[in-house]
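Below is one structure, written out as structure tokens, with a few remarks after it.
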Amino acid sequence: MRAVLDANVLFPTILREILTDLAQAGLYHALWSERILAEWRHAAARLGPDQDEVAGAEIALLRLRLPEAVQPDDGVAAIDLDFPDPADRHVVEAALAGGADLVVTANLRDFPQPLMTGLGLRAIHPDAFLLGLHDADPGAVRRAVTAARDKAAALGGAMSLGEMLRRCRLPRLAKRVGA
């Protein structure tokens, strides 16, 4: 399974860690484009200049971690389609260029089901996506979630597994892993 990760699921550190750990574990093939990475960096820069630098470093590490994930977004296949937010066309372009099945996004409204189905794609919330991965390999998901919590704790963000997942807007995953 190939899935494009939208900027809104890459920007939150804990969610990105969980998703990329699971891609590295082979549960799916993660994809994104340069424009998705730029959108993430722009969102971080709005929080302050130091956050722009942090995002730049995190993006560099992500490129090293999953170098095969970057896909072009040339704007050809979806240019004439009527998206609720035309600025999101590039996400669909990356999905089409990468032969993805899914777009993992927290903003499902911008990727309406009829439009996505017509392109052979499906938009899915990260909570639902991670539930599907959990069904396929509960141990791998549990390890990824625990590793993300441990990294957060090492950086001074100690919290329970359940609290972390709820803060990441993953309430169904929290229930599934018993947190």
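The values are calculated or read from the model by the stated rules, or taken from the named source; none is laboratory data. On a predicted model such as this, the values are computed, not experimentally measured, just so you know. Don't worry about glycine lacking a Cβ; one is built from the backbone with ideal geometry, like all the others, and counts go over all protein chains shown. Surface accessibility is based on the protein's heavy atoms, side chains included, excluding ligands, DNA and RNA. Shrake-Rupley method; radii C 1.70, N 1.55, O 1.52, S 1.80 Å.
A few remarks follow.
- Flag for residue 38 being in contact with a Phe, Trp or Tyr (Cβ under 7 Å, 6 or more places away or on another chain), surrounded by fewer than 21 Cβ atoms within 10 Å (Cβ to Cβ) and in a helix (DSSP H, G or I): no
- Exactly one residue out of 105, 117 is polar (S, T, N, Q) and crowded, with 22+ Cβ neighbours inside 10 Å: that is 105.
- Subset of the range 54-90 that is more than 20 Å from the chain's Cα centre (by Cα) and of a type in the set (D, E, K, R) - its residue that is modelled with the lowest pLDDT: 74
- Restricting attention to the range 93-123, the residues being in contact (Cβ under 8 Å) with a residue 40 or more places away in the chain and closer than 11 Å to residue 3 by Cα number 10.
- Residue 4 surrounded by 20 or more Cβ atoms within 10 Å (Cβ to Cβ) and not in a strand (DSSP E or B): no
- For the range 93-102, a residue qualifies if it is surrounded by 18 or more Cβ atoms within 10 Å (Cβ to Cβ) and either of a type in the set (S, T, N, Q) or within 20 Å of residue 16 (Cα to Cα) (or both), and the qualifying residues are 94, 95, 98, 100, 102.
- Looking across the range 83-140, just one residue is assigned to a strand (DSSP E or B) and of a type in the set (Lys, Arg), and that is 122.
- For the range 162-179, a residue qualifies if it is of a type outside the set (D, E, K, R), modelled with pLDDT of 85 or more and either part of a loop (DSSP other than H, G, I, E, B) or over 16 Å from residue 126 (Cβ atoms) (or both), and the qualifying residues are 162, 168, 170, 177.
- Screening residue 84 on (1) open to solvent by less than 60 Å² (accessible area, probe 1.4 Å); (2) farther than 17 Å from residue 37 by Cα; (3) in contact with a Pro (Cβ under 8 Å, 6 or more places away or on another chain) shows it passes everything except condition (1).
- Taking residues in the range 1-26 that are farther than 15 Å from residue 133 by Cα and free of Cβ contacts under 8 Å to residues at least 60 places away in the same chain, and partners anywhere that are of a type in the set (D, E, K, R) and open to solvent by less than 30 Å² (accessible area, probe 1.4 Å), the pairs with Cβ atoms closer than 6 Å and at least 6 places apart or on different chains are 10/16.
- Extreme residue, nearest to residue 20 (Cα to Cα), among residues of the range 41-75 that are of a type in the set (Asp, Glu) and open to solvent by 80 Å² or more (accessible area, probe 1.4 Å): 68
- Considering residues of the range 127-152 that are more than 25 Å from residue 107 (Cα to Cα) and out of contact with any helix residue (DSSP H, G or I) (no Cβ under 9 Å at 6 or more places or on another chain) only, the residue most open to solvent (accessible area, probe 1.4 Å): 150
- In the range 7-27, the residues that are open to solvent by less than 10 Å² (accessible area, probe 1.4 Å) and closer than 19 Å to residue 139 by Cβ: 18, 19, 20, 22
- Residue pairs whose Cβ atoms lie under 8 Å apart, separated by 6 or more positions or on different chains, with the first residue in the range 135-156 and closer than 16 Å to residue 15 by Cβ and the second among the polar types (S, T, N, Q) and part of a helix (DSSP H, G or I), are 152/13.
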